[in-house]
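Since the structure comes first, as structure tokens, the remarks are kept for the end.
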């Protein structure tokens, strides 16, 4: 019988668990030599301890003796506290680490230490039950190569649950109607402000503005503002209905400074800032999306839901439009100042080159001076000619 080995390890995403305390575990689909696929869960601290032990087992390949001989991939040390954002940002690093690990020589990639780490454990099949009844929240990694059909897994994939903060009546067949306090499971999140959800045996698109996490998030799901701006091109013109929305024609270039979950992004055009629908924006340099503007109508903005009722006592403070404009002006001034400094430096350098002392042209010597410098032989010849 052939010795067991791992053909492939794929990171599927991570889970937020609440028992015995809140923590995060990564989900790996492990494909073995007999083509069976097993789903295993590992904390990042476990992965890092495994990595440290592997380096001790192979000191040459870990670069302990000579750095130029290192082949074992690097892995950052865990932080003293891992939140949602750091757990999410680490996924690419982990996916690359697993891929590099299995491409190492067989003495490393098929050693007992590697095989035992990725074997199914009892808690992979039967995780610790939550005493408070809260289900784990699953965050799936977006990947074009992610497998859609898994033939042999050790446990179910549980999606992240959200609660509706107000009634929403669907406008098309592809949407899903929800009532306030309904709990839905989010299957897919898109940047345009529409999330694909399921509730019991129904599925459909729901505006993200109508949904909030069941648990008050310890970190905001939205990115922080980027006042440097990210260039986007408008794929469709829009005239704002509200005073804080920006009027932009099709084909114009704007700078996105804050991406919001409800699908209404804060953009800057020149010195003006305002909200603009994300579904009418395309990142500069990217090819047009095949389904652009075909999915559905504009999603409602979060601030337009007048009867919203959050279950969280402390709501996230939204950034005012005045704050966006003030910080945006500060950055524009800073950028203009940098440009002016560079321009002034080039002018100074140019002036310095112009004012730099040029070598003087010596005056033409007089006939007497030339004769004085000549030899007697030359003087005699000159006198003979004259």
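Test residue 242 against the criterion of being in contact with a helix residue (DSSP H, G or I) (Cβ under 7 Å, 6 or more places away or on another chain) and outside any strand (DSSP E or B), and give yes or no. So residue 242 does not fit the description; no. A count restricted to region 13-28 and to residues that are closer than 16 Å to residue 120 by Cα and touching a residue at least 60 places away in the same chain (Cβ under 8 Å) stands at 3. Between 61, 56, 49, the distinction of being out of contact with any strand residue (DSSP E or B) (no Cβ under 7 Å at 6 or more places or on another chain), at pLDDT 90 or above and not in a helix (DSSP H, G or I) belongs to 61 only. Within region 221-233, the residues that satisfy the criterion of being modelled with pLDDT of 80 or more and in a loop (DSSP other than H, G, I, E, B) are 224, 225, 226, 227, 228, 229.
So, residue 99, is that one within 15 Å of residue 11 (Cβ to Cβ), touching a strand residue (DSSP E or B) at 6+ places or on another chain (Cβ under 9 Å) and either outside any helix (DSSP H, G or I) or at pLDDT below 90 (or both) or not? Criteria not met by residue 99.
If I filter region 197-220 for residues that are in contact with a helix residue (DSSP H, G or I) (Cβ under 7 Å, 6 or more places away or on another chain) and either in the same structural domain as residue 22 (by TED's automatic domain parsing) or in a strand (DSSP E or B) (or both), do I get at least one hit? Scanning region 197-220, I find no residue that is in contact with a helix residue (DSSP H, G or I) (Cβ under 7 Å, 6 or more places away or on another chain) and either in the same structural domain as residue 22 (by TED's automatic domain parsing) or in a strand (DSSP E or B) (or both), so the answer is no.
The residue that is surrounded by the fewest Cβ atoms within 10 Å (Cβ to Cβ), counting only those in region 77-90 that are at pLDDT below 90 and in a loop (DSSP other than H, G, I, E, B), is 80. A count restricted to region 259-288 and to residues that are within 25 Å of residue 336 (Cβ to Cβ), crowded, with 20+ Cβ neighbours inside 10 Å and touching a residue at least 60 places away in the same chain (Cβ under 8 Å) stands at 1. Just a yes or no: is a residue in region 226-233 touching a helix residue (DSSP H, G or I) at 6+ places or on another chain (Cβ under 7 Å), touching a residue at least 12 places away in the same chain (Cβ under 8 Å), farther than 26 Å from residue 310 by Cβ and surrounded by fewer than 16 Cβ atoms within 10 Å (Cβ to Cβ)? The answer is yes, given that some residue of region 226-233 is touching a helix residue (DSSP H, G or I) at 6+ places or on another chain (Cβ under 7 Å), touching a residue at least 12 places away in the same chain (Cβ under 8 Å), farther than 26 Å from residue 310 by Cβ and surrounded by fewer than 16 Cβ atoms within 10 Å (Cβ to Cβ).
In region 134-186, which residues are part of a strand (DSSP E or B) and modelled with pLDDT under 80? Correct list: 160 only.
Here 105, 73 are screened, and the one residue that is at pLDDT 90 or above and in contact with a helix residue (DSSP H, G or I) (Cβ under 6 Å, 6 or more places away or on another chain) is 73. Only one of the listed residues (338, 273, 323, 253) is more than 25 Å from residue 174 (Cβ to Cβ) and modelled with pLDDT under 85. That residue is 338.
Looking across 31, 16, one residue alone is modelled with pLDDT under 90 and assigned to a strand (DSSP E or B). It is 16. Here residue 174 fits the description: touching a strand residue (DSSP E or B) at 6+ places or on another chain (Cβ under 6 Å) and loosely packed, with under 14 Cβ neighbours inside 10 Å. Every condition in (1) free of Cβ contacts under 8 Å to residues at least 40 places away in the same chain; (2) surrounded by 18 or more Cβ atoms within 10 Å (Cβ to Cβ); (3) closer than 18 Å to residue 140 by Cα is met by residue 93 except one, and the failing one is (2).
The values are calculated or read from the model by the stated rules, or taken from the named source; none is laboratory data. What you see is a predicted model, and the numbers here were worked out from it, not measured in a lab. With ideal geometry, Cβ positions are generated from the backbone for all residues, glycine too; neighbour counts draw on all protein chains shown.
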